[in-house]
1. Using a simple spin-label model with points 7 Å from Cα along the Cα→Cβ vector, what separation in nm is obtained for Ala4 and Glu81?
2. So if R0 is 22 Å, what FRET efficiency would Gln152 and Thr93 give, r being the distance between their Cβ atoms, rounded to the nearest 0.05?
3. Cβ neighbours within 10 Å, averaged per peptide: list 110-120, 13-23 in order, most packed at the top.
4. For region 1-92, rounded, prolate or oblate, judged on the Cα gyration tensor with a ≥ b ≥ c (square roots of eigenvalues), a/c < 1.5 rounded, else prolate if a/b > b/c?
5. Which length gain, in nm to one decimal place, applies between Glu12 and Leu32 when the Cα-Cα distance is subtracted from 0.36 nm times their residue separation?
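The numbers here are math on the coordinates, done by the rules we state, and not lab data. This one's a predicted model, so the numbers in the text were calculated from it and none came from an experiment. All Cβ positions, even for glycine, are placed from backbone atoms using ideal geometry, and neighbour counts span all protein chains on display.
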Amino acid sequence: MHRAAPPTSLPELEARAAAIIGLSLGQLAADLGAGVPTELRRAKGWIGQLVEAALGAEAGSKPTPDFEALGVELKTIPVAEDGRPHESTFVCTAPIEGAFEASWEESRVRRKLARVLWVPVWGRRGEDLATRVIGRPRLWVPDPQEEAALAQDWRDLSELIVGGELHRIHGRLGRVLQLRPKGANAGDFAWMMDEEGEWVRAVPYGFYLRARFTRAVIGRRRREGP
């Protein structure tokens, strides 16, 4: 897969994102010399990787924004015709092994969400990947109300992790931010300290943005075209 050089400014990044509006994933893949997988479940992350290559994202799996020099994280988000995201959006892995950040301001969640380029991808669940269409991107910085909600959820969930109380975490916790198991299979695990101060094996966890929050972030109007 061909990969664009990293953009050197925000206007350049936004111009690149605007240039792929309306392209199908099949068209974009062909432009980059990439194949299209037949099933997304066998190629998890492929859509994000394709858009990263087109726009010149550089961070990969590092705990830094995708466009490190610009401080911008890239998030592709699959959405339905009515603008509803198909699923929650992964932010980053939760450091349950004890190396948790001291404050929201220092957290990797805040670093990842300080400035985000959202790229919606329109299509129905189960639809051929090649026919899904790239929508209008939005460069987003959390407003004070959004940041306050994110920070409060992060603090509440962090207290449970630091206290070794993962058993108390469930999907209903958090207004905008969730903490969920992230392990791809039963063999995935991490070490964490439990309530008694003992190191135990635990399933890896990740922070996720709720779908209703991301729907509000990417736009409060119905689709007006790609």
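1. Rounded to a tenth, the inter-label distance reads 3.0 nm.
2. On the way: r = 21 Å, r/R0 = 0.94.
Between Gln152 and Thr93 the formula returns 0.60.
3. Values: 110-120: 21.1, 13-23: 15.9.
Ranked by mean Cβ neighbours within 10 Å, highest first: 110-120, 13-23.
4. rounded
5. Numbers: separation 20, 0.36 × 20 = 7.20 nm, distance 1.87 nm.
Extra length from Glu12 to Leu32 when fully extended: 5.3 nm.
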